[in-house]
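Before any comments, here is the structure.
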Number of protein chains: 2
Amino acid sequence: MNNFEFYSPTKVIFGKNVENNVGAEVKAWGGTKVLVHFGGSSAKTSGLLETAEASLRAAGIDYVLLGGVVPNPRLALVNEGIALCRSEGVDFILAVGGGSVIDSAKAIALGVKYDGDVWDFYDGLAEPKAALPTANILTLAAAGSETSEHTVITNENGWIKKGYGHTLCRPKFTMMNPELTYTLPAYQTACGIVDIMMHTLDRYFSPGGCNEMTDRIAEDVLKTVIQFGRIAMKNPVSYDARSEIMWAGSLSHNDLTGLGRAGDWAPHQLEHELSGYFDVAHGAGLAAVWGAWARYVYKADIMRFVRYGMNVWGLPMNYENPEETALEAIRVTEEYFTSIGMPITITELVGKEISDEVIAELTEKCTFFGTRTIGGLVILDKAEIADIYKAAR
Amino acid sequence: MNNFEFYSPTKVIFGKNVENNVGAEVKAWGGTKVLVHFGGSSAKTSGLLETAEASLRAAGIDYVLLGGVVPNPRLALVNEGIALCRSEGVDFILAVGGGSVIDSAKAIALGVKYDGDVWDFYDGLAEPKAALPTANILTLAAAGSETSEHTVITNENGWIKKGYGHTLCRPKFTMMNPELTYTLPAYQTACGIVDIMMHTLDRYFSPGGCNEMTDRIAEDVLKTVIQFGRIAMKNPVSYDARSEIMWAGSLSHNDLTGLGRAGDWAPHQLEHELSGYFDVAHGAGLAAVWGAWARYVYKADIMRFVRYGMNVWGLPMNYENPEETALEAIRVTEEYFTSIGMPITITELVGKEISDEVIAELTEKCTFFGTRTIGGLVILDKAEIADIYKAAR
C-alpha cells in the first residue's frame, strides 16, 4: 500500500427529515449570518428552501438568499456571491441543492477571504489561506461535493471549466435526506449514477500496487450504485435505493475509494470540455467518453480491467485470453449506461456528430492550451486526447 | 437505511516513516506544550520515542513524558497524567503506542478540562464540555482507538473496566506506519486481528434492515483482515499484510462499518469483564466468548449469519436447512481463531476452568450490578449472560 493521507472531517447527518434541524446545526458550527445559496425554482416549489429558512429563523440566525446556480456553475454568480457576503457580513454559507450549488458555495467561500480574483485558485496561481465555513442540504446524489474538497466552476470568459481542491473547501456538515431525491427526473438520476461510478473508476484505474482494502470498498461502491441504480430507475420513490445511492455518492468522492492510488482522472478531464462546451450534464458526458477512453488504455493494465469485470460485474475470467474479459468488462459497463438511458457516444450526448474542428478545440482546451497532459494509468498527450475524442464521436 | 450520523474528522497520515514529521504536524494543530504518553520499554528500545522527541524538538515544541501505560490501562495513571498536564501547562497530548496508550491519553484529555473526577464520564454521571486535543503515533493494529471516539479504562478500585465515547475524544490526527508493527509478538498480532474482526462483527450482527453499502464495507474489512491476517502470522514483515490490517483496523472502528445499524456489543461487554478480572488481552478474550455468544443468539436472525458465512467465508448456502450454514459460519470463525493461536474457550484463555462463583461475579459486573442488560441482536439479561459465560467456559 502506498503512503497516503486521508482527511474527511465533514459531519454527515443522514436520513428522513434531517434538514428540519439545519438552523441548530449551523448555530453549533458558529454561523451567525448565513448566505443560503441555491439553484432554480425547485428549491422553492418543493418547500425545501422554506424549511431551511424556517429552521434558521427558529435558531435565531439571520440570512440572505442567493439563487440562480445553474448546472456547470458560473463564475459570474460566484463573484456576485462574494460581493454579497462581504456587503452583508456573512460568516457561513449554506448550499441547498446538488453538486453545482455546493461547488458554487465553496468558490464563494474561498473568494470572500481572498483579495484577488477567485479564479486564481482554479488557474493554479494562488493558494487560499482561509475560507468561510460551508455546509449543505443535498438534493441530488451525484457529485460527491457534499463531503469532498473539490469545486468545479465554469468561467464564461472562454467557457473554461476548471476544478480546484483544497482542505479548506471541505464542508462542515452535510444533511442528506434520500427523500429529497424522489422527484429527480430519470435522466438526472441516471447522470448521478454515472457520476458516482466515475468518481470511483477514475481512482480505481490508476497505478498503485496492493491496495485490497481500498479496492474492495471501490468495488462495493460500484456494485451498490449499479444495483440500486437499476431499482431507482424503475421505482424513483424506493427509499432503500435512494439512500444506498446517496451514501455511495459521498463515499465515492471523499477519497476512501482511492487511498494508496494515484488517480487517473482522464475521463473527468475529457468530459469537462464537453460539458463546458455543450453545457450538457456532467454524468452524461462521462458516460459518452468512458468506453472510448477505456478501450484506448486498457492494454496498459489488462488484469486490472479483468479484476473489475470479475468483482464488479461477476464476469467469468477467460483464462486463455484475459483480454477478452477486459473488453467484456468495458462492454457491459456501456451496456449498463445504455440501460439507464445514458449516451455512450458524443453524438448521442449532444444530438449530432461533432466536427474535427470542434474536436480540435476540445483537445486544445483539455491540454490547457498545450500546457498539460492528462491521465495516470496512461499519460495522454494532445494527439492521444484527440484520438479518444474521435473514438468517442 | 436507518437515519445515522457519521463524523470521523481524524486526519490519517499513513505509510513508511510518516512519524518523522510528527513535530510539524503537532505544530500545525496548534500544540505548543505536549504530553508524550507511552507504555513500556518498547517505545524506548525501538527508537520510536526518540524519533518523536527529536521531531518535536526540531519543530520547537516543548514536551514532557509520561510512560507506564499497561494493557487494560489504569485510572491511577490517568489521574497522574491529568495532574502532570495541569502543572506543566500542557495543551496537546501525543500518544505513542497502541489502543491502551491512546485510550489513556483520551481520558487524560477529558480529565484536564473537567473539575470533577474523570471517572464520572465512564460512570455516566457527567458530560464533557471540552477536552485537550490529542493525536497519536500508532504501533499496534487492533483497538481502532486511533480514529475512534472511544476510550476504555480500568478502575483499580474494584477492577471495573468501562468504556466511554464522545466526539471530543476523536484524535486530531493519527500517524500509521505499518513497519512499526513488524516486531509485534505473534500473540499480539493475533489479538489485534480478532479485535478488528469484533469491532466489525459487533456492528454487523445487530438490527438494521437494508444497509447494503454499510454491510459490504463491513464484509470487506472482515475479509481483508482475515486474509492478510493469515499472511502476517506467517510473515510478520510483510508490508502489504501489515498495512492492510492497519488500515482495516481504523475502518473497523471509525463507525463506517455500522452506519444505519444499532450495534450489538454484547461480545465486547462480556469480554470487558474477562480482561478486567483476569488482565488478559482484549482480543483473546473476545475470541474466547464470541462462539458461545453467537450460538446463543443466532436463531434471532439466522439469515444474517447465513449472509456472513457466504459473503465473508465463501460458504455455500444450505437451502434445505439454512441453519446449518449459520452454524458452519460460527464454526469456521472459531476455526480461524484457533489457526492464529487464539483461544475459543475461557479455559483456553486463562489456563484453567473458572468456577461458578467467578461466573457469578463476572455476570454481576457485566450487568453493572443488576442495572443493565446488554446486546442488540438479542437483549441479554443476567441469567442469559451467565448462560453464555458457562457455554464459553
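Computed from the coordinates by the stated procedures, all read-outs in this text should not be read as laboratory data. Here the structure is a predicted model, which means the values were calculated and not measured. Every residue, glycine among them, receives a Cβ derived from its backbone with ideal geometry; neighbour counts consider all protein chains shown.
So the values come out like this:
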| read-out | value |
| --- | --- |
| Global form of segment B:299-393, assessed from the alpha-carbon gyration tensor, a/c cut-off 1.5 | oblate |
| Spacing of the two label points (7 Å from each Cα toward its C-beta) at residue B:360 and residue B:16, in nm | 5.9 nm |
| Degrees, to the nearest 10: A:239-251 long Cα axis against longest axis of chain A | 80 degrees |
| Listed residues B:91, B:202, B:240, most fluctuating in chain B (Gaussian network, C-alpha, under 10 Å) | B:240 |
| Hydrodynamic radius (Kirkwood) for chain B, which is based on Cα pairs only, to one decimal in Å | 21.2 Å |
| Debye intensity ratio in log₁₀ form over the Cα atoms of segment A:184-392, taken at each q of 0.10, 0.13 Å⁻¹ | -0.40, -0.70 |
| Base-10 log of normalised Debye intensity for segment B:230-325 (one unit scatterer per alpha-carbon) at q = 0.21, 0.24 Å⁻¹ | -1.27, -1.25 |
| Helix A:75-88 axis, angle to chain A major axis (alpha carbon atoms, nearest 10°) | 20 degrees |
| Segment A:184-392: Lys pairs at Cα distance under 22 angstrom, eight or more positions apart or on different chains | 8 |
| Pair residue A:317, residue B:348: separation of 7 Å Cα→Cβ label points (nm) | 3.3 nm |
| Calculated P(r) tail over 17 Å for segment A:47-131, as whole % of Cα pairs | 49 percent |
| Translational diffusion of segment B:146-192, µm² s⁻¹ [Kirkwood Rh, Cα pairs; Stokes-Einstein; 4 °C; 1.567 mPa s] | 98 µm²/s |
| Amide proton proximity set for residue A:173, modelled H, under 5 Å, gap of 5+ | A:11, A:136 |
| With Cα atoms, 0 to 90° folded angle of helix B:302-313 axis to chain B main axis | 60 degrees |
| Bins of 10 Å from zero: percent of alpha-carbon pairs in segment A:45-91 | 22, 41, 35, 2 |
| Most fluctuating residue given options B:241, B:142, B:190, as computed from a GNM of chain B linking Cα atoms under 10 Å | B:241 |
| Long-range HN-HN contacts of residue A:374 with modeled amide H, under 5 Å | A:380 |
| Angstrom value of the Kirkwood radius, inverse mean 1/r, which spans all Cα pairs in the protein assembly as shown | 27.6 Å |
| Inter-centroid distance (Cα atoms) of segment B:283-314 relative to segment B:88-144, Å | 32 Å |
| Inter-copy label distances at residue B:165 (7 Å, Cα→Cβ; nm, one decimal) | 2.9 |
| Shielding score for A:372-379, defined as the mean number of other chain Cβ atoms within 10 Å | 0 |
| GNM top mover of B:93, B:193, B:231 - chain B, alpha-carbon springs below 10 Å | B:231 |
| Value in Å of the Kirkwood radius, where segment B:11-180 supplies the Cα pairs that are averaged | 15.5 Å |
| Cα lying deepest toward the dipole's positive end in segment A:11-180, options A:76, A:97, A:119, charges on Cβ | A:97 |
